[in-house]
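Chemist: Once you've had a glance at the structure underneath, I'll fire off some questions.
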Amino acid sequence: QVQLVESGGGLVQAGGSLRLSCRASGDIFSINAMGWYRQAPGKQRELVAAATNGGSTNYADSVKGRFTVSRENTQNSVYLQMNGLKVEDTAVYYCNAMLHTGRGYWGQGTQVNVSS
């Protein structure tokens, strides 16, 4: 099993920046990729950005050029640098870890609020 602990959410004005962090513990050597999803009120959870152990990254079109996902060298942490935040980025952000087996784990979520 993998446990994920997120931090870094909060309230920021539009145009501002936040950095989310997520640290994994447990069976970290089984992790193949880590990333971030978000869920806004009344909407489905969606992929924001993810990075594999090999360094490949994937971004939602809505955040390309503004958000950057990165992994720590030890491969058990993932970060999301969010610049140029928009009101529509307001959501609960969830850390995700995907194992080589295809099983995924979720963090508890951290709230990001962007005010106009």
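Every read-out reported here was derived from the displayed coordinates using simple, explicitly stated rules and does not represent laboratory data. What you see is a predicted model, and the numbers here were worked out from it, not measured in a lab. Heads up, the Cβs are rebuilt from the backbone with ideal geometry, glycines too, and the neighbour counts pull from every protein chain shown.
Chemist: I'd like the trypsin sites (Lys or Arg not before Pro) in the range 1-54 restricted to DSSP loop residues with at most 14 other Cβ atoms within 10 Å, sorted by number.
Modeler: Of the trypsin sites (Lys or Arg not before Pro), the ones in loops of the range 1-54 whose Cβ has at most 14 other Cβ atoms within 10 Å are Lys43.
Chemist: Moving on. Take peptides 76-86, 56-66 and line them up by average Cβ neighbours within 10 Å, highest first, as a rough protection proxy.
Modeler: Result, highest mean Cβ count within 10 Å first: 76-86, 56-66.
Chemist: For the range 77-103 and the range 1-61, what is the centre-to-centre distance using only Cα atoms, to the nearest Å?
Modeler: That distance is 2 Å.
Chemist: Another question, if that's okay. Relative contact order (percent) for the chain, with alpha-carbon contacts under 8 angstrom and 6 or more residues of separation?
Modeler: Across the chain, relative contact order equals 37 percent.
Chemist: With no solvent and one point on each alpha carbon, what is the Debye value of log10 I(q)/I(0) for the chain at q = 0.14, 0.15 Å⁻¹?
Modeler: Computed log10 I(q)/I(0) values: -0.51, -0.58.
Chemist: Still on this model: So which GluC sites (Glu not before Pro) in the range 1-93 end up in coil per DSSP with only 16 or fewer other C-beta atoms within 10 Å?
Modeler: Glu72
Chemist: Within the set of other residues whose C-beta is less than 14 Å from the C-beta of Pro41, count the net charge using Lys and Arg as +1 and Asp and Glu as -1.
Modeler: After counting each charged neighbour, the total is 0.
Chemist: Follow-up question, since we're still on this one. In debye to the nearest 20, how big a dipole does the chain give about its Cα centre with +1 on each Lys and Arg Cβ and -1 on each Asp and Glu Cβ?
Modeler: 80 debye
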